Amino acid sequence: MTDLIKINALYFNRGDRAIFSDVALNVPKGSIVAIMGPSGTGKTTLLQLIGGQLRPDRGEILVAGECVHTLNRSALYRLRRKIGMLFQSGGLFTHLTVFENVAFPLREHTQLSESMIRSIVLLKLQMVGLRGARDLMPAELSGGMSRRVALARAIALDPELVMYDEPFSGQDPISMGVLVRLIRTLNDALGLTTVIVSHDVPETLSIADYVYVLSGGKIEGQGTPDALMHNPPAGVNQFLQGLPDGPVPFDYPAVDILKDLTGEEAGHYA
Amino acid sequence: MTSQRAIETGVGLFLLAAMTALLVLAFRVSGLTGFIQQEGYQISAAFDDIGQLKVRSAVRIDGVNIGEVTDIHLDPVSFRALVTMRINATVRQLPDDSSAAILTSGLLGDNYIAITPMYSQSFLKPGDRIRETHSAMILEKLIGQFLFNVQSSRKNSTQGKSP
Amino acid sequence: MLNRVGDLGRSGLEWVRELGRAGLLLYRMLFCIPNIRKHGLQLISQQVFAEGVLSLSIIVVSGLFIGMVLALQGHHTLAKFGASMELGPLVALSVLRELGPVVTAILFAGRAGTALAAEIGLMQATAQISSMEMMAVDPVRRILAPRLWGGFISLPLLTLIFNVTAIYGAWLVGVQWLGFDSGTFWSNMQSSVDFHADVVNGIIKSIVFGFVVTMIAVYQGYFARPTSAGIANATTRTIVYSSLAVLGLDFVLTAMMIGGW
């Protein structure tokens, strides 16, 4: 199967912190690939690099055969029309209704008639189960609902690739279940390729075809969900099981506790 | 979200209000009457000293505005200041022996050109030059003249007293 | 001690960097005119409405009161010199040359400038701008440029309305209340006010201010840190920098205009 995304030897620094050192991953077409890891490892940064919002310091990122960071503005924008992205905070336009939000990319990038746009918008909303909510304003939606609307907007132009940034965080069990089902169904029904960035282990592993675990700027482990659960590499196990202590320590670095309680500094409080 | 039509109406009214304000400022507040270039003809005059006269300074007869100064420059041959002015077309028959003087409006006001019409039967044509001119009064010269007069009258009176 | 010098140098460089970022943003906004796109004019008119029309109430009320106060204070002092008939010129010249452009600009910065900064900052914080970028719509063209043009167009118009309202307020106090002759009031004013030197120069000032104030607001909003503290900072910085810039530029422009450009 061909790869829709190919990342080779990626290096990216922010200030003096190395976010990524020599990261390589592939996303085959039509599959759901999950990128997981503890908070702050730069998972969102990876999505921004794939989408061309950031430039890598070294290495290459190929999306649909094109090297993203060498594209000029108009070529980058043409590529982005094939990508749908769902941000953690939804990113719905607060001054437009649900209908107008989903219609936005259609109005901007196509010359379709109003009736066609209406049909497409209603179909997309139907796919996420929110066709009846079309005249509400984003402020009137619950968190889960606004994510679903953002999803409908992300697939409005029928992209080839959809990227989800922490889709399950902060959701109640029902919304989570809805989203999980939606992501899998849409991927299969529309022939999409999906990249999910998340740290919700059970939900993500239930739908992913392949998983990469990032930690400390490198790929600590990769494989199918089954392989990872049964045979996890060292650092990965703590993450997948949710263990409080392991390679990522429980205690923030500090001096010995005895010294703290009885030493010089404690003397000041006597 | 106010409808697009309401927005456009609002903006239109706003623009209208601002344009009206501009017109009020132009005509009521600043007394702009000569905005459209009035029809007129050009005449010139040479002065020894123009004082504070500027381009667009007023040209008046008996205190009534009849035109404005359009150009001031030094005549390189006679070394006198050559002032060109535009006279309104309504003032058609200006005698050609009229005189032009540079006066000050009020005590500390701007300078303007005052034309005093005389009695000739032939009139100024466009491009003509006013021959009789009185330059602006320069304070230093006045003081100098005053001091000189005081000096000489003192000299005369002391001379007269000596036997 | 050396650390302090280092810090100073660093903040100086940081300031230069910010200026550079603002310049680049300005370039992108100016040379990607939304007019070219299908609904550019619609976007701009929406912004003129939001920034200009909705600021009218504060501008008109302020203008009225400033005119009335000027007339009252002016009369109080002029009467001592027997120069009460100069009230008209006093008010007209003060308002047209200085108070009109400057006060309108500062009020605009407070009302529309902060609203802009907060709105754009909030859009950044809620990933609306990033979403737009990922949907291949340039947020600079779609969101920022119309707001810049909206402010640039609105402020001179607001200044004109402020000027007229202030002079009308002065007329109310001078003629209706203090009993001056209306005819003398207007004719003295007309003979002292020159359209080109006073009215037009005032409008030129307001055009410059409109550009600067809106630019500062848009910049602060766009580069605000995407947290609630960041947005609050952006709005306070907008009004502070705008006010300082307006007053500073007013001095520079007045010097140029008096020198006769």
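The values are calculated or read from the model by the stated rules, or taken from the named source; none is laboratory data. Everything numeric here is computed off the predicted structure, so don't read it as measured data. In this analysis, Cβ positions are derived from the backbone assuming ideal geometry, glycine residues included, and neighbour counts consider all displayed protein chains.
Among residues of the stretch C:12-33 that are of a type in the set (D, E, K, R), those with a beta-carbon under 7 Å from a residue that is at pLDDT 85 or above and part of a helix (DSSP H, G or I) at least six positions away or on a different chain give the pairs C:28/C:140. For the stretch C:229-259, a tally of residues being of a type in the set (Gly, Ala, Ser), in a helix (DSSP H, G or I) and either more than 21 Å from residue C:112 (Cβ to Cβ) or free of Cβ contacts under 8 Å to residues at least 60 places away in the same chain (or both) returns 5.
Quick one: would you say residue A:153 is in a helix (DSSP H, G or I) and either of a type in the set (Asp, Glu) or over 15 Å from residue A:120 (Cβ atoms) (or both)? Here the answer is no, as residue A:153 does not meet what is asked. The combined condition, being more than 14 Å from chain B (Cβ to nearest Cβ) and assigned to a helix (DSSP H, G or I), is not fulfilled by residue C:210. If you scan the stretch B:98-131, which residues turn out to be over 15 Å from residue B:67 (Cα atoms) and touching an Asp or Glu at 6+ places or on another chain (Cβ under 7 Å)? Within the stretch B:98-131, B:99, B:118, B:120, B:122, B:123, B:128 meet the criteria. For the stretch C:138-151, does any single residue satisfy the condition of being at negative phi, surrounded by fewer than 21 Cβ atoms within 10 Å (Cβ to Cβ) and without any contact (Cβ under 8 Å) to a residue 60 or more places away in the chain? Scanning the stretch C:138-151 turns up at least one residue that is at negative phi, surrounded by fewer than 21 Cβ atoms within 10 Å (Cβ to Cβ) and without any contact (Cβ under 8 Å) to a residue 60 or more places away in the chain.
How many residues does the stretch C:169-185 contain that are in a helix (DSSP H, G or I), in contact with a Ser or Thr (Cβ under 8 Å, 6 or more places away or on another chain) and of a type in the set (Phe, Trp, Tyr)? Going through the stretch C:169-185 one residue at a time, the tally reaches 1. Any chance the stretch C:84-102 includes a residue that's part of a helix (DSSP H, G or I), more than 20 Å from residue C:218 (Cβ to Cβ) and within 9 Å of the chain's Cα centre (by Cα)? Yes.
Listed here are the residues, each with its yes/no results for (1) more than 13 Å from chain B (Cβ to nearest Cβ); (2) modelled with pLDDT under 90.
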position: C:137; (1), (2): yes, yes
position: C:150; (1), (2): no, no
position: C:153; (1), (2): no, no
position: C:157; (1), (2): no, no
position: C:167; (1), (2): no, no
position: C:173; (1), (2): yes, no
position: C:176; (1), (2): yes, yes
position: C:183; (1), (2): no, yes
position: C:198; (1), (2): no, yes
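The residues of the stretch C:45-99 that are surrounded by fewer than 16 Cβ atoms within 10 Å (Cβ to Cβ) and of a type in the set (Val, Ile, Thr), listed by number, are C:61, C:69, C:77. Looking at the stretch A:118-165 only, could you name the residues that are within 30 Å of residue A:66 (Cβ to Cβ), aliphatic (A, V, I, L, M) and within 14 Å of chain C (Cβ to nearest Cβ)? Selection gives A:149, A:150, A:151, A:152, A:154, A:155, A:156, A:157, A:161, A:162, A:163.
Only residues that are assigned to a loop (DSSP other than H, G, I, E, B) and among the charged types (D, E, K, R): list them for the stretch A:1-47, please. Correct list: A:16, A:29. Which ones in the stretch C:100-135 are within 14 Å of another protein chain (Cβ to nearest Cβ) and farther than 16 Å from residue C:234 by Cβ? Those that are within 14 Å of another protein chain (Cβ to nearest Cβ) and farther than 16 Å from residue C:234 by Cβ: C:100, C:101, C:104, C:108, C:127, C:130, C:131, C:132, C:133, C:134, C:135.
Residues in the stretch C:218-232 that are of a type in the set (Val, Ile, Thr), closer than 13 Å to residue C:126 by Cα and buried (at least 16 other Cβ atoms within 10 Å of the Cβ): C:231 alone.
Filter the stretch A:51-85 for residues that are surrounded by 21 or more Cβ atoms within 10 Å (Cβ to Cβ) and either among the small types (Gly, Ala, Ser) or at the interface with chain C (Cβ under 9 Å from one of its Cβ atoms) (or both); which is farthest from residue A:148 (Cα to Cα)? Looking at the filtered set, the residue picked out is A:52. When A:149, A:121 are checked against the criterion of being modelled with pLDDT of 90 or more, surrounded by 22 or more Cβ atoms within 10 Å (Cβ to Cβ), within 30 Å of residue A:41 (Cα to Cα) and of a type outside the set (Asp, Glu), a single residue qualifies: A:149.
Cβ-Cβ distances below 6 Å connect the following pairs, each with a first residue in the stretch C:76-95 that is in contact (Cβ under 8 Å) with a residue 24 or more places away in the chain and under 15 Å from residue C:66 (Cα atoms), a second residue that is of a type in the set (Val, Ile, Thr) and not in a helix (DSSP H, G or I), and a separation of six or more residues or different chains: C:92/C:193.
Conditions tested, residue by residue: (1) over 23 Å from residue A:177 (Cβ atoms); (2) among the aromatic types (Phe, Trp, Tyr); (3) under 18 Å from the mean Cα position of the chain (by Cα).
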{"position": "A:107", "(1), (2), (3)": "yes, no, no"}
{"position": "A:113", "(1), (2), (3)": "yes, no, no"}
{"position": "A:116", "(1), (2), (3)": "yes, no, no"}
{"position": "A:124", "(1), (2), (3)": "no, no, no"}
{"position": "A:135", "(1), (2), (3)": "yes, no, no"}
{"position": "A:141", "(1), (2), (3)": "no, no, no"}
{"position": "A:148", "(1), (2), (3)": "no, no, yes"}
{"position": "A:152", "(1), (2), (3)": "no, no, yes"}
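Helices (runs of 4 or more DSSP H) fully within the stretch A:173-270 that include at least 1 residues being of a type in the set (D, E, K, R): A:173-190, A:201-207, A:225-230, A:257-262, A:264-267.
Against the definition (in contact with an Asp or Glu (Cβ under 7 Å, 6 or more places away or on another chain), touching a residue at least 60 places away in the same chain (Cβ under 8 Å), assigned to a helix (DSSP H, G or I) and within 14 Å of chain B (Cβ to nearest Cβ)), how does residue C:188 come out, yes or no? So residue C:188 fits the description; yes.
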